[in-house]
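Asker: First the structure, then my questions, so here it is.
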Amino acid sequence: MHHPHTGTGTLLVTLFVFPGVRLLDVTGPIEVFSSANEFGGRYRLNIVSADGTEVTTAAGTRLSVDMPVADLRETSDVLVIPGGPDWERMIKDDALLDIVRRLDANSRRTASICTGALLLAAAGLLDGRRAATHWRQSRQLAQRFPAVRVDPDAIFVQDGKMMTSAGVSAGIDLSLALVEEHCGAGVARAVAKDMVVFMQRPGGQSQFSVRARVPHTRQEMLRRALDAVAEDPGADHSLAAMARRAGISPRHVARLFCDEVGTTPARYVEQIRLEAAQAMLETGDDPMAVIARRTGFGSPESLRRAFVRNLMVTPGAFRARFHSTGFADTDAAVAARSGPRPQG
């Protein structure tokens with residue numbers, strides 16, 4: 001393992017914070033790197049803000065800061081750029097983007113968490129590179145910054161010195177990957193176990209937008225079938241029902257799915273239902289029986305089996321880990337309250 005050590009024999013991790021930063025984007029990496037120190041890592045953490053004053057996070061919690069950006073003389077081994085819910089305002093803040101550029105120029109590796117990728121993109125640092133961000137902002141990143149090659153399914157992406165990661169807890173995954181690179185898999189595994197997280201989360205963000213990932217099909221009949229499943233996952237989507245609605249044989253439906261979608265009708269239906277269940281678990285407090293019924297799994301037991309088989313985690317554990325607090329009125333939350341959401 002190579003160790004890009006600073007002169008002191010430790011690895012300097014600089015976290016840049018600003019008003020309205022998302023708390024977990026900052027504390028996730030801090031937990032990983034400080035936990036690594038208990039298992040033989042040599043990290044030194046440095047929290048900086050534009051002027052050196054404490055910042056109030058989006059959660060309302062205040063974070064104290066070690067120094068202003070201007071006082072940072074050493075080269076950082078890792079620079080962490082977190083995100084925040086108010087990213088649309090931040091990507092127009094020239095002074096903020098200047099700081100991001102200056103910090104990046106003085107770091108060996110720059111890593112963004114969640115919507116922090118939009119800050120890096122706005123600063124021009126992701127041009128021509130592959131990048132990831134929170135699934136909800138993937139399309140925004142691609143549309144606003146066409147020079148960036150967005151990978152909508154990755155939990156994190158490394159391209160040269162830039163690492164970008166997906167939603168919130170993906171910052172933990174990214175930090176674990178850095179610990180593995182710096183200190184070896186043994187230390188990373190010990191940290192993951194200590195923090196009770198997956199070393200590599202199963203499934204990428206694939207869990208998050210099934211319909212959007214299905215290749216565009218010219219088969220009108222198939223497209224209608226796909227949309228029907230996405231619009232109402234709780235309805236009857238057996239092969240026979242699909243064939244009846246489309247006016248073709250079940251065998252023909254199965255062949256269309258195989259050729260155009262690359263999977264079986266049953267598998268596609270299960271993936272859409274899983275996604276709808278995840279949206280309900282993240283954004284609402286419905287009991288498992290209601291979620292199972294509304295998403296077409298029928299019983300809490302079938303819901304549980306599908307989660308464990310596909311995501312290696314129970315619905316209850318998923319809810320505990322991903323329950324969302326910062327997006328009360330996003331379409332996912334509204335959809336979770338009013339019924340499964342249509343997929344764009």
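Each value in this text was obtained by applying a stated rule to the coordinates, not by laboratory testing. Just so it is clear, the model here is predicted, and its values are computed rather than measured. When we count neighbours, we look across all protein chains shown, and the Cβ atoms used for this are built from the backbone with ideal geometry, even at glycine.
Asker: Taking the Cβ of each residue in Asp93, Asp77 as the centre, tally the other Cβ atoms inside 10 Å and list the residues starting with the fewest.
Answerer: Asp93, Asp77
Asker: At 0.36 nm per residue, minus the direct Cα-Cα distance, what do Arg62 and Asp159 gain on full extension? Give it in nm, one decimal, please.
Answerer: Result for the pair: 31.6 nm of gain on full extension.
Asker: If each residue of separation counts as 0.36 nm, what is the full-extension length gain between Glu220 and Asn37 once their alpha-carbon separation is subtracted?
Answerer: Result for the pair: 60.2 nm of gain on full extension.
Asker: Scan the stretch 43-116 for GluC sites (Glu not before Pro) in coil per DSSP, keeping those whose Cβ has at most 16 other Cβ atoms within 10 Å, and list them by number.
Answerer: Here the sparse-neighbourhood loop sites are Glu54, Glu74.
Asker: Below 14 angstrom from the Cβ of Leu23, what's the summed charge of the other residues (Lys, Arg +1; Asp, Glu -1)?
Answerer: So the environment of Leu23 carries a net charge of -2.
Asker: Taking the Cβ of Ala246 as the centre, find all other residues whose Cβ is under 14 Å away and add up their charges (Lys, Arg: +1; Asp, Glu: -1).
Answerer: Counting the neighbours of Ala246, the net charge comes to +2.
Asker: How much net charge surrounds Arg224 when only the other residues with a Cβ under 12 Å from the Cβ of Arg224 are counted, with Lys and Arg +1 and Asp and Glu -1?
Answerer: Result for the local shell: -1.
Asker: Please work out how much length the chain gains when fully extended from Ala70 to Ala95, using 0.36 nm per residue of separation minus the C-alpha to C-alpha distance, in nm with one decimal.
Answerer: 7.7 nm
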